[in-house]
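Undergrad: The structure is given below, and queries will be raised subsequently.
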Amino acid sequence: MQDISKTYHSTSTPAHMFVDAQDIINYILGGRAVITIKSLKTGNHHTFRVRKKTYVDKLGNNPKVYFYVWARGDSWYTYIGAIHKNKFMHTKKSSTAPNMSIKFTAFNTVWYLINKSVMHTMIEVWHHGTCGICGRYLTHPESIKRGIGPICAQYGH
């Protein structure tokens, strides 16, 4: 079995397992999240990338915020759905490939649990050592713990 903390990053900044549901939500909704969800029951893991996009009407009013979710496949990420108004859902452009439906279910289950403030004992959620808001590498222990750097945290992003 692979040690996620040593295999899912490309720098000297280690990956970090979240222990708090609210930290996971804040990280994902930061707009530049990369997370890995691991099942302790099966040992399977899935990696996801989440990006924030804000749309406004023609007059620049009524902003609508979406968080687009991509799942890592064999060698690339595939779009699987969006978070809007705190709900994860399929969209017209979501992949319907069978291997992506498993990933959709995994992300949807974790999203549901963390929004109920539940950290399931058979699931681990890891970030990859970068700020969930700006994408910079994290170096301070407290920043690594929460997944958001000190400058982004200071400004309440």
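The values are calculated or read from the model by the stated rules, or taken from the named source; none is laboratory data. What you see is a predicted model; the values in this text were computed from it and never measured. As a convention, Cβ positions derive from the backbone with ideal geometry for all residues, glycine included, and neighbour counts pool all protein chains shown.
Undergrad: What's the total number of residues in segment 107-121 that are outside any helix (DSSP H, G or I) and either of a type outside the set (A, V, I, L, M) or at pLDDT 90 or above (or both)?
TA: 4
Undergrad: Given Thr36, Thr96, Thr42, Thr105, which one is of a type outside the set (A, V, I, L, M, F, W, C) and either surrounded by 13 or more Cβ atoms within 10 Å (Cβ to Cβ) or within 13 Å of the chain's Cα centre (by Cα) (or both)?
TA: None of the other options fit; the residue is Thr36.
Undergrad: Would you tally the residues in segment 95-110 being free of Cβ contacts under 8 Å to residues at least 12 places away in the same chain and basic (Lys, Arg)?
TA: Residues in segment 95-110 being free of Cβ contacts under 8 Å to residues at least 12 places away in the same chain and basic (Lys, Arg): 0 in total.
Undergrad: Determine the pairs where a residue that is in contact (Cβ under 8 Å) with a residue 24 or more places away in the chain, located within segment 34-48, has a partner that is part of a loop (DSSP other than H, G, I, E, B) and not charged (D, E, K, R) with Cβ atoms under 6 Å apart, the partner being 6 or more residues away or on another chain.
TA: Val34/His128; Thr36/Tyr8; Leu40/Met122; Lys41/Met122; Gly43/Met1
Undergrad: Among what's in segment 52-81 and is of a type in the set (Gly, Ala, Ser) and over 14 Å from the mean Cα position of the chain (by Cα), pick the residue that is surrounded by the fewest Cβ atoms within 10 Å (Cβ to Cβ).
TA: Ser75
Undergrad: A further question follows. Can you tell me which residues in segment 118-151 are under 18 Å from the mean Cα position of the chain (by Cα), more than 28 Å from Asn44 (Cα to Cα) and surrounded by fewer than 22 Cβ atoms within 10 Å (Cβ to Cβ)?
TA: Cys134
Undergrad: Still on this structure: If I ask for residues that are among the hydroxyl-bearing types (Ser, Thr, Tyr) and closer than 27 Å to His16 by Cα, which ones from segment 38-68 would you list?
TA: Ser39, Thr42, Thr47, Tyr66, Tyr68
Undergrad: Take Leu113 and tell me if it is over 19 Å from Arg49 (Cβ atoms) and in contact (Cβ under 8 Å) with a residue 60 or more places away in the chain.
TA: yes
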